[in-house]
């Protein structure tokens, strides 16, 4: 009895001491006052339902809900993070469908890129030539490009920049030999090459040839006669070049937006060196059961979750692409024109890395576009190209293929070479398929009517306005569309914004 009384008195003493010290009584079940923000209530209402706990311990139903949600979150994040890798893998598969499986087998569009292929926001203005390198299979690989080649680039398997070629590259348009090495290569590096290294085995070579007198013939001839790609070990007897004509050929280079997306990514992970991506990204995939050297075999539960994760990831990428919320993505203080390179950094770094990586900007770019090069973001007067996207009319509504619109391009377009407008399908992010093989207008190739003030009006709709056929781009009733304005050889008024295009007006 005396012992019990002593315990009670001691507890009362510490109660009074605690109350005096903190001004609040101890939390029930504790000797001290526990801040409310440390504790978990018995029930918590969230967007994934009501979560239930016994003294902070989640019940069985809550545990199941939480793990499903965790897998869903990581699946969605994996979709957004790995769009670049999936996109380049889809390009590789598309080229392989045409027979391009070795570096000397080049897909070329002698008659330009029309709307038949599925190719993310490709242009109708330059001759494309592309090939894929495999540094694991072939070792160091040589790319000989001819003089007068337009902008060219090599990107790795995560769509990271490796090197430029042509006018923006170190050869400055004079042509030359490039040598692409596996990262960490320890062998002898011969002289006489522009040398770059890549962390991945697979690399994409994409070259562009400029039109001459509005025609692709000279650029096509230049590639076919002057381009050579071969392993360095075969330099004494390089394999004969093979060119696969891809103009007017339907083929697909776009990644999946359903569960197949994860199978595409697994192909990349199994192929590439383990450290071509960092441990954080590898861990994200490993949490979903994907790891190099191991089979990717998600059970029925995980397949269902990943299918939903792709659906939400795809919707997220579409929101980022067509209704971006970033303030820095818009080119002007008002209007709907926006850039594909939000932040102006080809590495997608904020403040040169002080703010980390702009993940939304990277996901947006690679969802609608290809080719990653600093030449697209640097202020290079008279060299390379610049881009502006638009998906809305002056009322802020999506562009409707059933309606008619007008876009005014003011006089003195700041493009040393030429400018163009190309229309795209929001579903495929490829050229809009209509009765026009090229859904575009090009200032060098097309004879467009010019207004008295020197400006040009471009019309969009199912039917051309009377007498304006030369300035008209056809759209499809029941389908949306968006466009890209390109300036080849951009000049100072583009960069200082003293010149700007009009907005898209509904007629």
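The numbers here are math on the coordinates, done by the rules we state, and not lab data. All values reported here derive from a predicted model rather than from experimental measurement. So basically every Cβ, Gly included, is an ideal-geometry build from the backbone, and we count neighbours across all protein chains shown.
Numbers below:
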| quantity | calculated |
| --- | --- |
| Crossing angle, helix 260-271 versus the chain [Cα axis fit, 0-90 degrees, rounded to tens] | 80 degrees |
| For region 84-245, share of DSSP beta bridges that run antiparallel, in % to the nearest 5 | 75 percent |
| Region 94-168: C-alpha gyration tensor shape, a/c 1.5 cut-off, then a/b vs b/c | oblate |
| Antiparallel bridge percentage (DSSP; both residues within the chain; nearest 5) | 85 percent |
| Ranked list, fewest to most other Cβ atoms within 10 Å of each Cβ, for 247, 100 | 247, 100 |
| Spherically averaged projected area in nm², based on the convex hull that wraps the Cα atoms of region 247-383 | 11.9 nm² |
| 337, 204 arranged by Cβ crowding within 10 Å, fewest neighbours leading | 337, 204 |
| Fully extended contour minus Cα-Cα distance, from residue 381 to residue 42, at 0.36 nm per residue | 115.7 nm |
| Calculated [θ] (222 nm, deg cm²/dmol) that DSSP helices of n ≥ 4 give over the chain, each run adding -39,500 (n - 2.57) | -8000 deg cm²/dmol |
| Average Cα contact separation per residue, the chain, under 8 Å, 6 or more apart, as relative contact order % | 16 percent |
| Relative packing of 279-285, 233-239, 428-434, 170-176, which averages over residues the other C-beta atoms within 10 Å, highest first | 428-434, 170-176, 279-285, 233-239 |
| Rule-of-thumb Rg ratio for region 84-245 [Cα; 2.2 N^0.38 Å; N residues] | 0.97 |
| Relative contact order of region 67-184, defined on C-alpha pairs under 8 angstrom at six or more residues apart (%) | 21 percent |
| Alpha carbon centroid spacing (whole Å) that separates region 375-446 from region 57-131 | 23 Å |
| Considering only region 321-506, percent of DSSP beta bridges that pair antiparallel, nearest 5 | 90 percent |
| Gyration tensor verdict on region 169-216 (Cα atoms; rounded if a/c is under 1.5, prolate if a/b is larger than b/c, oblate otherwise) | oblate |
| Kirkwood-based Rg to Rh ratio, the chain, C-alpha trace | 1.11 |
| Two-decimal ratio, region 321-506, of alpha-carbon radius of gyration to 2.2 N^0.38 Å | 1.02 |
| Per-residue Cβ neighbour rank within 10 angstrom, fewest leading, 195, 142 | 195, 142 |
| P(r) weight above 20 Å for region 173-263, C-alpha pairs, percent | 57 percent |
| Cα-based convex hull, region 66-134, per residue volume (Å³, whole number) | 122 Å³ |
